[in-house]
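A.B. asks: Below is one structure. I have some questions about it.
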Amino acid sequence: MPQIIDGKRISQEIKDELKEKVAALKEQGIEGTLAVIQVGNDPASSVYVNNKKKACEYIGIGSLAYELPEETTEEELLALIEKLNNDDKVNGILVQLPVPKHIDEEKIIKTISPEKDVDGFHPENVGNLVTGGKGFVSCTPAGIIQLLKRSNVTIEGKNCVVIGRSNIVGKPMALLMLRENATVTIAHSKTQNLKEICKQADILIVAIGKPRFITADYVKEGAVVIDVGIHREPKEVDGKVVSKLCGDVNYEEVAEHTSAITPVPGGVGPMTIAMLMNNCVEAMTRE
C-alpha cells in the first residue's frame, strides 16, 4: 500500500507552528498584516481569498481585504499597491490572480515591493531563487518541498521529473528540487517520449492542467507522485450529476504502483495557503 501524503494534516502542523511563532513575535511587539486585493468577483477567487483571511485569523496576523469592482482601472490598482508598499503596518501584499483582461498581470506583479511579495512572483524573488539568494518562494512549490520532507521522502540524489513549466509552479519547483540536490528534468507539452522520461522518475511532480492525464504506464514502480492539478469533473451519482474533484493523475490507477502519492483534494492544495502564511510570518521578521 502506498503512503498517502496527507496535505491537510501537514498544512495544519505548519499553521500550528506559525501560530506559536506569531504569539512569540507579538510578545516582542512585532505585528503582521497581509493585504489581499481581489478585482472582480470570480467565485473561485472569492473562495481562495476567504480561505486566506481565515488562515491569517488562525495564526494570529491581521488581514486587510480590498474587494474591487471588475471595472477597476489598472491605474487605480497600481495606486493602491503603491499605497500599501508605503504602509509600514502592511508586511505582505497579495493580488489574487487572475485579474480582469484589461489589467496587465505582469505590471501588477512587478509593482508589488519584493519585500512584501509573499506570493513569491516578483522577478527579484524569482532571481534570488535561481541564484540561491534570500527571497520569497512561490507557495505551491515551497509547499511540495514540505510535503516531501515531512513525509520522510529523500530528495537528495533522486531523479525528479517535473511536468509543466509555468512560472508559478513548474519552473520554481524544478529550481527548489535542484536546491535539494535532486537531478531534475522539466517536461512540457513539446516533450517527446514523455512516458519514457516519466518512467525514470523517483519523484514525479505533475502540473499540466489536464484531468487524469497521467496513467500507470507513465509511472515507475515505487515512485513518489505529487499531483498539483485540480479539476471539477461532472460525475453521475444515483442518477444525479454532481461535481467531483480530480487531479492531473489518474489516482485510482496510479496509486498502487507508487510508494507515496498525494490525493486530490487534500494533498498539495492545503499546502499553498500554509506556505503563504509562512511567507507572511517571514515578512514580519525581515530586516
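A.B. asks: Could you pull out every one of the strands (runs of 3 or more DSSP E) wholly within the stretch 225-287 that has 1 or more residues that are without any contact (Cβ under 8 Å) to a residue 12 or more places away in the chain and not assigned by TED's automatic domain parsing to the domain that holds K89?
C.D. replies: Strands (runs of 3 or more DSSP E) meeting the threshold: 231-237, 240-246.
A.B. asks: Within the stretch 86-109, does at least one residue satisfy the condition of being touching a strand residue (DSSP E or B) at 6+ places or on another chain (Cβ under 7 Å) and part of a helix (DSSP H, G or I)?
C.D. replies: Yes, the stretch 86-109 contains a residue that is touching a strand residue (DSSP E or B) at 6+ places or on another chain (Cβ under 7 Å) and part of a helix (DSSP H, G or I).
A.B. asks: Give just the number: which of (1) outside any loop (DSSP other than H, G, I, E, B); (2) on the phi > 0 side of the Ramachandran plot does L129 not satisfy?
C.D. replies: Against the list (1) outside any loop (DSSP other than H, G, I, E, B); (2) on the phi > 0 side of the Ramachandran plot, L129 comes up short only on (2).
A.B. asks: Can you tell me which of K26, K21 is in a helix (DSSP H, G or I) and over 29 Å from P263 (Cβ atoms)?
C.D. replies: Just one listed residue meets the conditions, K26.
A.B. asks: Would you please name the residue that is surrounded by the most Cβ atoms within 10 Å (Cβ to Cβ), looking only at residues in the stretch 30-57 that are more than 26 Å from R286 (Cα to Cα) and among the hydrophobic types (A, V, I, L, M, F, W, C)?
C.D. replies: V39
A.B. asks: A further question on this structure: Can you find a residue that is touching a helix residue (DSSP H, G or I) at 6+ places or on another chain (Cβ under 9 Å) and among the hydroxyl-bearing types (S, T, Y) anywhere in the stretch 227-245?
C.D. replies: There is no residue in the stretch 227-245 that is touching a helix residue (DSSP H, G or I) at 6+ places or on another chain (Cβ under 9 Å) and among the hydroxyl-bearing types (S, T, Y).
A.B. asks: Can you tell me which of I155, I168 is crowded, with 18+ Cβ neighbours inside 10 Å and either under 15 Å from the mean Cα position of the chain (by Cα) or without any contact (Cβ under 8 Å) to a residue 12 or more places away in the chain (or both)?
C.D. replies: After applying the criteria, what remains is I168.
A.B. asks: So for the stretch 122-138 (the condition being under 20 Å from I5 (Cβ atoms), in contact (Cβ under 8 Å) with a residue 24 or more places away in the chain and in contact with a strand residue (DSSP E or B) (Cβ under 6 Å, 6 or more places away or on another chain)), does at least one residue qualify?
C.D. replies: No, because not a single residue in the stretch 122-138 is under 20 Å from I5 (Cβ atoms), in contact (Cβ under 8 Å) with a residue 24 or more places away in the chain and in contact with a strand residue (DSSP E or B) (Cβ under 6 Å, 6 or more places away or on another chain).
A.B. asks: Sort out which residues of the stretch 190-229 are within 17 Å of M173 (Cα to Cα) and surrounded by fewer than 17 Cβ atoms within 10 Å (Cβ to Cβ), and write them in order of number.
C.D. replies: Hit for the stretch 190-229 is G209, nothing else.
A.B. asks: Follow-up. Take the residues in the stretch 1-34 that are of a type in the set (G, A, S) and touching a residue at least 60 places away in the same chain (Cβ under 8 Å); name whichever of them is nearest to K89 (Cα to Cα).
C.D. replies: So, considering only residues that are of a type in the set (G, A, S) and touching a residue at least 60 places away in the same chain (Cβ under 8 Å), the one nearest to K89 (Cα to Cα) is G32.
A.B. asks: Among the residues that make up the stretch 22-43, is at least one of them of a type in the set (A, V, I, L, M, F, W, C) and in contact with a Phe, Trp or Tyr (Cβ under 6 Å, 6 or more places away or on another chain)?
C.D. replies: yes
The values are calculated or read from the model by the stated rules, or taken from the named source; none is laboratory data. Please read all numbers here as calculations on a predicted model, not as lab measurements. Counting neighbours? That spans all protein chains shown, and the Cβs are built from the backbone with ideal geometry, glycine included.
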